[in-house]
1. Per DSSP H run of at least 4 residues, take -39500 (n - 2.57); add these up for the chain, divide by its residues and hand me the 222 nm value, nearest 500 deg cm²/dmol.
2. Quantify, in whole percent, the carbon and sulfur part of the accessible surface of the chain (1.4 Å probe; protein heavy atoms only).
3. Provide the net charge surrounding V159, with neighbours chosen by a C-beta distance below 12 Å and charges set as Lys +1, Arg +1, Asp -1, Glu -1.
4. Got a sec? What order do D175, D95, D124 fall in by accessible area at 1.4 Å, biggest, i.e. largest, first?
5. Who wins for biggest fluctuation among L65, L115, L198 in a Gaussian network model of the chain, springs between alpha carbons below 10 Å?
6. Can you sort R129, R31 by solvent-accessible area, 1.4 Å probe, largest first?
7. Return the percentage of antiparallel bridges among DSSP beta bridges fully within the stretch 1-124, rounded to the nearest 5 %.
8. Looking only at the chain, where both bridge partners belong to it, what percent of the DSSP beta bridges are antiparallel (to the nearest 5)?
Amino acid sequence: MTAPPTTPPPEWIVLPGRTPYEPAVAAMEARVAAIRAGTEAEAVWLVEHEPTYTAGTSARPEDLLEHRFPAVKAGRGGQWTYHGPGQRTGYVMLDLTRDHGTVRARDVRAFVHGLEEWLIRALDRFAIRGERREGRVGIWVVDRTRGTEDKIGALGVRVTRWVSWHGVALNVDPDLGHFGGIVPCGVQDHGVTSLHRLGIPATMEEADSALMAAWSEVFG
């Protein structure tokens, strides 16, 4: 029997410096169209944005508390989030009509679960236990020294004709005060944290290495 054709892994691109949000979304939309047309490979982009508040499709106007930075509609799922220096955003553009490791084809719920697992496994490389919480989007950590439970990773995705875009954000060392201009993801009773806040002085390059290493464990 002839073995089924294999699909190459996604192209990984780490964008240097700080990337303005809206041009990144436009470039991502073009790449998604090319993936759907079969003219470009799947991709994972790792970027660091200029300070920006972004509104998902469920964002409420009253959850933008202060207009400190540009506030833009993102077109992804979810509510308000912040992107900025010190935060690694991962844009994941995959053809979901086929399987990717543990993620079955045409299963958006499994894809979101896979993104969560990707962040959890990346955090595990820093000896940080990332956890899901029922009714709360994102990845959460318990900070026992402060007696808090805070978000360290955010998720917001969009799927267009079975090609995914947008993705995840991991707080490496952002200015956590910048989150004070919004109600992050509509959650008022918990805060946000970062690797540095938790005592892990990781560089962005080390965070990238953890994300890249954890990817194959989930998505093959």
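1. On the way: 3 runs with 50 residues, N = 220.
Dividing the helical sum by the residues of the chain leaves -7500 deg cm²/dmol.
2. On the way: 5490 of 10550 Å².
Solvent-exposed carbon and sulfur of the chain make up 52 percent of the total.
3. Values: positive: R36, R76, R106, R109, R158, R161; negative: D95, D107.
Residues near V159 contribute +4 overall.
4. Details: D175 80, D95 45, D124 105 Å².
The residues order as D124, D175, D95, largest area first.
5. L65
6. Working: R129 180, R31 25 Å².
Largest accessible area first, the residues go R129, R31.
7. Values: 10 of 18 bridges.
Within the stretch 1-124, antiparallel bridges account for around 55 percent of the total.
8. Once the DSSP bridges in the chain are tallied, antiparallel ones form about 75 percent.
The values are calculated or read from the model by the stated rules, or taken from the named source; none is laboratory data. What you are looking at is a predicted structure, and each value in this text was computed from that prediction instead of being measured. Backbone-built Cβ (ideal geometry, glycine too); neighbour counts: all protein chains shown. Surface accessibility is based on the protein's heavy atoms, side chains included, excluding ligands, DNA and RNA. Shrake-Rupley method; radii C 1.70, N 1.55, O 1.52, S 1.80 Å.
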